[in-house]
Amino acid sequence: MDQLDSIGERIRQHLEDKNAARERALQHSRSLIRSCSKAIRAVHRREQENAESLLDEAQNLANDLQEALVAYPELLHAGYTQSALKEFAEASIVHHLVSGEQLPEPEALGVGYVPYLGGLAEAAGEMRRRILDILRHDELVEAERLLDAMDEIYGLLVTIDFPDALTNNIRRTTDMVRGVTERTRGDLTTSSQQRDLKRALEAVEKKLDNV
């Protein structure tokens, strides 16, 4: 039993270090989520440079967060850490989709596949918000492009048929994406019909004016 004090001291030191890492991870996660939220808001406001600056900041935070937890994989895969990385994936995907650029791959972002899938799903909801906004300005072609992106996201997510423990309940999120996509399709169809009706009425009025 002579070595028990030494064992106890090592255990206490390990737990103190791990607890300190956890506190830093929580702080980094909150900062990362905040930067991602601001970036998405900047995208919707069409503030391109601001959005890119915030995403660069978020990338650095995401890298720092993961590097700090290399020694503690259980903290790296904790809910708060994975949620923050999901938010980063979402913000990056939203930026690229709205900008008309190719999707960033999970490896390029440095995030795992599960938070990336969650980011894709959440990005579909942001695309609906974007579409509803641009429909007010009659940007139907752009709205169609973004709806196609939503369809493709759903088409991928619906093929991820694995236990919830592996995918962080992605099937439930996929159901949300399906509903959001179908509602958006209905809104876009209604807007298109209204535009066609307006044009037809304007054509009739023009003919009447020329009589």
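Hey, could you check region 89-103 for residues that are part of a helix (DSSP H, G or I) and either among the polar types (S, T, N, Q) or over 13 Å from the mean Cα position of the chain (by Cα) (or both) and say which is nearest to Asp64 (Cα to Cα)?
As a first pass, look at region 89-103 and keep what is part of a helix (DSSP H, G or I): 89-99.
Filter again for either among the polar types (S, T, N, Q) or over 13 Å from the mean Cα position of the chain (by Cα) (or both), leaving 92, 99.
Details: Ser92: 17, Ser99: 27 Å.
My answer is Ser92.
Limited to region 60-75, what total is found for residues that are hydrophobic (A, V, I, L, M, F, W, C), in contact (Cβ under 8 Å) with a residue 40 or more places away in the chain, open to solvent by 10 Å² or more (accessible area, probe 1.4 Å) and part of a helix (DSSP H, G or I)?
Taking region 60-75 first, the residues hydrophobic (A, V, I, L, M, F, W, C) are 61-62, 65, 68-71, 75.
Applying the additional criterion that residues be in contact (Cβ under 8 Å) with a residue 40 or more places away in the chain yields 62, 65, 68-69, 71, 75.
Okay, now just the ones that are also open to solvent by 10 Å² or more (accessible area, probe 1.4 Å), so 68, 71, 75.
This time we only want the ones that are part of a helix (DSSP H, G or I), so: 68, 75.
The total comes to 2.
Please state which of the following conditions Arg129 fails to meet, knowing it meets all the rest: (1) assigned to a helix (DSSP H, G or I); (2) over 15 Å from His95 (Cβ atoms).
The failed condition is (2).
For region 27-81, which residues satisfy the criterion of being closer than 21 Å to His14 by Cβ and of a type in the set (D, E, K, R)?
Those that are closer than 21 Å to His14 by Cβ and of a type in the set (D, E, K, R): Glu67, Glu74.
Please state which one of Glu101, Glu87 is open to solvent by 30 Å² or more (accessible area, probe 1.4 Å) and modelled with pLDDT of 95 or more.
Numbers: Glu101 fails: modelled with pLDDT of 95 or more.
Matching residue, one of Glu101, Glu87: Glu87.
Restricting attention to region 157-181, and to residues there that are open to solvent by 100 Å² or more (accessible area, probe 1.4 Å) and under 17 Å from the mean Cα position of the chain (by Cα), which single residue is nearest to Gln82 (Cα to Cα)?
Ranking the candidates gives Asn168 first.
State the number of residues belonging to region 104-120 that are surrounded by 15 or more Cβ atoms within 10 Å (Cβ to Cβ), out of contact with any Lys or Arg (no Cβ under 9 Å at 6 or more places or on another chain) and in a helix (DSSP H, G or I).
3
If you go through region 158-167 one residue at a time, do you hit one that is among the charged types (D, E, K, R), out of contact with any Phe, Trp or Tyr (no Cβ under 7 Å at 6 or more places or on another chain), touching a residue at least 12 places away in the same chain (Cβ under 8 Å) and part of a helix (DSSP H, G or I)? So that I can check it myself, show each step before the final result.
Within region 158-167, the first condition is being among the charged types (D, E, K, R), and the residues that meet it are 161, 164.
So of that shortlist, the ones also out of contact with any Phe, Trp or Tyr (no Cβ under 7 Å at 6 or more places or on another chain) come out as 161, 164.
Subsequent filtering for residues that are touching a residue at least 12 places away in the same chain (Cβ under 8 Å) retains none.
No: zero hits.
Test Val141 against the criterion of being assigned to a helix (DSSP H, G or I), aliphatic (A, V, I, L, M) and open to solvent by 40 Å² or more (accessible area, probe 1.4 Å), and give yes or no. Write out each step before concluding.
Working: assigned to a helix (DSSP H, G or I): yes; aliphatic (A, V, I, L, M): yes; open to solvent by 40 Å² or more (accessible area, probe 1.4 Å): yes.
Answer is yes for this residue.
Conditions (1) under 30 Å from His96 (Cβ atoms); (2) open to solvent by 60 Å² or more (accessible area, probe 1.4 Å); (3) of a type in the set (Phe, Trp, Tyr), marked per residue:
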{"position": "Arg12", "(1), (2), (3)": "no, yes, no"}
{"position": "Lys18", "(1), (2), (3)": "no, no, no"}
{"position": "Ser29", "(1), (2), (3)": "yes, no, no"}
{"position": "His44", "(1), (2), (3)": "yes, no, no"}
{"position": "Glu52", "(1), (2), (3)": "yes, yes, no"}
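The values are calculated or read from the model by the stated rules, or taken from the named source; none is laboratory data. Just so we're clear, the structure is a prediction, and the values are computed from it rather than from any experiment. Using ideal geometry, Cβ is built from the backbone for each residue, glycine included, and neighbour counts are taken over all protein chains shown. For the accessible areas, the whole protein counts, side chains as well, though only heavy atoms, and no ligand, DNA or RNA atoms are used. Shrake-Rupley method; radii C 1.70, N 1.55, O 1.52, S 1.80 Å.
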